[in-house]
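Worksheet: one structure, shown below.
The values are calculated or read from the model by the stated rules, or taken from the named source; none is laboratory data. Keep in mind it's a predicted model, so treat the numbers as computed, not measured. All Cβ positions, even for glycine, are placed from backbone atoms using ideal geometry, and neighbour counts span all protein chains on display.
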């Protein structure tokens, strides 16, 4: 368990103008290692592994040593540990909605976006822009996106509560494939709902067809959100790393992790031209109990073992670049990520 940190805003220190959080759902250290071996012949060379500040994060929830994505996402989004299945509400506690980092930055005048390879209303993105007692309430989550929190960009899988009709009536431009997304005038469009397919986007290793890759969604989202002079908050999820972990499917797991790493590289390229940008890369939990046994070299999948078809309680990595990323160090609680994203500094703790 990590030592508890107390966070504060130091006088004269402002939150970064742009804050970008990338979550590899189910991406533990061994997933990162396996992907690095396949892509580069050696671990340690993925895009985010080059970031100057690195540490690890605990993942347990309020009621379980092994979290789900709802509680894991909520801890990162709100700084509060909740019970598994809960979307950003104080359960345990008074049951009230917990204000998320996305909502806090919206209140400060920033534009906001959510990008994922899962259903748009899946637990991780929902934790940033919805409040529900149960993660399965996807129709209600969609309603809250479109009518209450209203992020400027919502890119992910379609269906599961989302519909083009509802998004259009809420004032969103709707795109349903890569061509339509890339044809958007990113300088003038104000709110976009990308509803790609019906359900989760396809696995990278199966081919995505006419649907966009995660890196393409991220690039378009940034080009839309960066028109705001007050800055942006963007959460990007590589959500299907988790699904491949549940399946113990190494090829899919590696390819999803590599697409996630390419997305981080795309975001980094943007950030180099946009000073005052904080990038944080982490995971909500590990999935599958993956262990790399033998490196078989570049272009070959390593020899591995799996110990589970579910989530595990393993700590996950955290990687930071940009203003305030020096607060990333040692072993942190997942709830610390919330304060880190808000530009706060810790005053006690390890």
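Among 52, 43, which is the only one that is farther than 21 Å from residue 132 by Cβ, modelled with pLDDT of 95 or more and touching a helix residue (DSSP H, G or I) at 6+ places or on another chain (Cβ under 6 Å)? Talk me through it step by step, then tell me what you get.
Numbers: 52 fails: touching a helix residue (DSSP H, G or I) at 6+ places or on another chain (Cβ under 6 Å).
Among 52, 43, only 43 is farther than 21 Å from residue 132 by Cβ, modelled with pLDDT of 95 or more and touching a helix residue (DSSP H, G or I) at 6+ places or on another chain (Cβ under 6 Å).
In region 207-221, which residue that is out of contact with any strand residue (DSSP E or B) (no Cβ under 7 Å at 6 or more places or on another chain) and touching a residue at least 40 places away in the same chain (Cβ under 8 Å) is surrounded by the most Cβ atoms within 10 Å (Cβ to Cβ)? It would help to see each step written out before you state the result.
At the first step, the residues of region 207-221 found to be out of contact with any strand residue (DSSP E or B) (no Cβ under 7 Å at 6 or more places or on another chain) are 207-210, 213, 215-216, 219-220.
Within this subset, residues satisfying the condition of being touching a residue at least 40 places away in the same chain (Cβ under 8 Å) are 213, 215, 219-220.
Working: 213: 17, 215: 19, 219: 21, 220: 24.
Top of the filtered list is 220.
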Looking across region 38-52 at residues that are more than 20 Å from the chain's Cα centre (by Cα) and within 18 Å of residue 315 (Cβ to Cβ), the single one that is surrounded by the most Cβ atoms within 10 Å (Cβ to Cβ) is 43
Taking only pairs six or more apart or across chains, which ones have beta-carbon atoms under 9 Å, a first residue in region 257-284 that is free of Cβ contacts under 8 Å to residues at least 12 places away in the same chain, and a second residue that is in a helix (DSSP H, G or I)?
269/219
Identify the residue in region 194-234 that is farther than 18 Å from residue 160 by Cβ and part of a strand (DSSP E or B) and, among all such residues, is nearest to the chain's Cα centre (by Cα).
234
Quick one: which helices (runs of 4 or more DSSP H) sit completely within region 93-155 and have at least 2 residues that are at pLDDT 95 or above and farther than 20 Å from residue 236 by Cβ?
138-144
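Listed here are the residues, each with its yes/no results for (1) in a loop (DSSP other than H, G, I, E, B); (2) at positive phi; (3) at pLDDT 95 or above; (4) out of contact with any strand residue (DSSP E or B) (no Cβ under 8 Å at 6 or more places or on another chain).
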position	(1), (2), (3), (4)
275	yes, no, no, yes
279	no, no, yes, no
298	yes, no, yes, yes
304	no, no, yes, no
307	yes, no, yes, no
320	no, no, yes, no
338	no, no, yes, yes
Complete set of residues in region 4-37 that are more than 25 Å from residue 313 (Cα to Cα) and buried (at least 24 other Cβ atoms within 10 Å of the Cβ):
18, 19, 20
Residues being free of Cβ contacts under 8 Å to residues at least 24 places away in the same chain, touching a strand residue (DSSP E or B) at 6+ places or on another chain (Cβ under 6 Å) and either under 21 Å from residue 105 (Cβ atoms) or buried (at least 22 other Cβ atoms within 10 Å of the Cβ) (or both): count how many of those fall in region 133-176.
1
So residue 6 fits all but one of (1) at pLDDT 95 or above; (2) over 19 Å from the mean Cα position of the chain (by Cα); what number is the exception?
(1)
Scope region 302-317; condition more than 19 Å from residue 70 (Cα to Cα) and touching a residue at least 24 places away in the same chain (Cβ under 8 Å); matching residues:
302, 304, 306
Number of the exception - residue 32 against (1) without any contact (Cβ under 8 Å) to a residue 60 or more places away in the chain; (2) under 16 Å from residue 241 (Cβ atoms):
(1)
